1. Across segment B:110-129, what is the total count of residues that are assigned to a helix (DSSP H, G or I) and in contact with a helix residue (DSSP H, G or I) (Cβ under 6 Å, 6 or more places away or on another chain)?
2. Could you check segment A:171-191 and list, in sequence order, the residues that are in a loop (DSSP other than H, G, I, E, B) and more than 18 Å from residue B:319 (Cβ to Cβ)?
3. For segment B:202-214, which positions are loosely packed, with under 15 Cβ neighbours inside 10 Å and either out of contact with any helix residue (DSSP H, G or I) (no Cβ under 9 Å at 6 or more places or on another chain) or under 13 Å from residue B:279 (Cα atoms) (or both)?
4. May I ask you to say which residue of A:53, A:3, A:39 is touching a residue at least 60 places away in the same chain (Cβ under 8 Å), within 14 Å of another protein chain (Cβ to nearest Cβ) and closer than 29 Å to residue A:129 by Cα?
5. Of all residues in segment B:103-149, count the ones that are surrounded by fewer than 20 Cβ atoms within 10 Å (Cβ to Cβ), without any contact (Cβ under 8 Å) to a residue 12 or more places away in the chain and within 14 Å of chain A (Cβ to nearest Cβ).
6. Is it the case, given these coordinates, that residue B:152 is touching a residue at least 40 places away in the same chain (Cβ under 8 Å), assigned to a loop (DSSP other than H, G, I, E, B), out of contact with any helix residue (DSSP H, G or I) (no Cβ under 7 Å at 6 or more places or on another chain) and over 27 Å from residue A:53 (Cα atoms)?
7. On the basis of being free of Cβ contacts under 8 Å to residues at least 60 places away in the same chain, touching a helix residue (DSSP H, G or I) at 6+ places or on another chain (Cβ under 8 Å) and surrounded by 22 or more Cβ atoms within 10 Å (Cβ to Cβ), does residue B:291 make the cut?
8. Somewhere in segment B:302-317, is a residue at negative phi, more than 18 Å from the chain's Cα centre (by Cα) and surrounded by 14 or more Cβ atoms within 10 Å (Cβ to Cβ)?
């Protein structure tokens, strides 16, 4: 067993454990943290596949940004676990059917005699000096520039919509325009008056 | 010489050799770094002392040698923190409570893997180095969030939300500054970024000049990112309390270690991306003065790190809403505009920084 294989098995074991804990952990914050662990190990596996850009982007976007906001929400909510667990047995048949179906589909695609992974041609080894970051950038900004820009515009619309939904002026807020604050000068607020000290009566 | 010395352990360890050798190299980076962190705390107190016309720590010394006065101060501080009791709050999550400082320190150290100290001295010369750095610096926020939550205290929790929001906000401005750097250097590899700044003009060939708004944005965002004054609302004892109120002893010290190593990391990155890394500020034609080397990088890191201390001694603390305003309404628009300007500029013959 080479060192690479050892790392692969280690990462896979951690990934499966973390993914299982995401759905079995009782505390939602622990579940979210296990999801973070799962993302990090998945990124490690991707880097082993020489997809270093995707691996780092997974950590940067999902772990660095999305999961932080996720944790914010989960930590601030008062989640009633008992209520969430209600009706577990009545939903179980539906859930189990869907899960089994997915496993069967994946098994068909990955291991079956028709589409097995062995049939797919092995990708040629990357030449020296090949950078998949550069290659992805070239593809995104030349061949797929319109779909890419469309996706960007859709995201922008989503941002504007989200801000428009949550932006509200508070009625009794004490908001002060920072521009006005910066403009304040001492003379506007403070007046020094000459006030002679009391004289001793003689 | 080195190869013949290494041949024996290589034969002895066999397949384990790459692991051991990498660990040795990691230790060679982390151990001096920790020493630098310790003496940065001393330099901070000394420098701020000089700025306020006093001497700073000058008593604690090794073996009673007078002229070494003050030099043992960081060691004494470390020992003191090491033997203090670690108090774990009642009802807190013990595992996460102890894990949080480690999570704060870990990414700040992991980022050093891709730092080029000189043209040959890099632990891992990876292609997507800049992306890796962004990923690592974005992981530091977990230590803060988990610390606040695991403390089982409302004050710590609210403080952690505040600090985390601040860090996540400033990360965007930092990321956009790095976009400018990678546009100008045409590479994500940090060694390539330094090499792209090499030309006959010496210091004027570095990226601080064409990317000046991004340079300033990056530096100030870096101060905010490492929770340093004037953005240190986490430690603002006068108004609010931060995410580490429940921490004591060594667990608190690890948070401090994380803060100082993040500071050194930001200084290093600023030096590498905007101030020419290991390059000499003088033109290459000047002979010995013009040759690059680790010494120049160290001098630049020292300069930028001293600026962090200078800021602390000079500026009053920002109010929280003004911190957020500065990040979102000033820095992000500035960087966005400068990226567009840069893109246009690079298409014209007026762009002289890249051949």
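The values are calculated or read from the model by the stated rules, or taken from the named source; none is laboratory data. All figures in this text were calculated on a predicted structure; none of them were measured in a lab. Don't worry about glycine lacking a Cβ; one is built from the backbone with ideal geometry, like all the others, and counts go over all protein chains shown.
1. Matching residues across segment B:110-129 total 5.
2. Listed by number, the residues that qualify are A:171, A:172, A:185, A:190, A:191.
3. Once the filter is applied, which keeps residues that are loosely packed, with under 15 Cβ neighbours inside 10 Å and either out of contact with any helix residue (DSSP H, G or I) (no Cβ under 9 Å at 6 or more places or on another chain) or under 13 Å from residue B:279 (Cα atoms) (or both), segment B:202-214 yields only B:204.
4. A:53
5. 1
6. When the stated conditions are applied, residue B:152 passes them.
7. no
8. So far as segment B:302-317 goes, yes, one or more of its residues are at negative phi, more than 18 Å from the chain's Cα centre (by Cα) and surrounded by 14 or more Cβ atoms within 10 Å (Cβ to Cβ).
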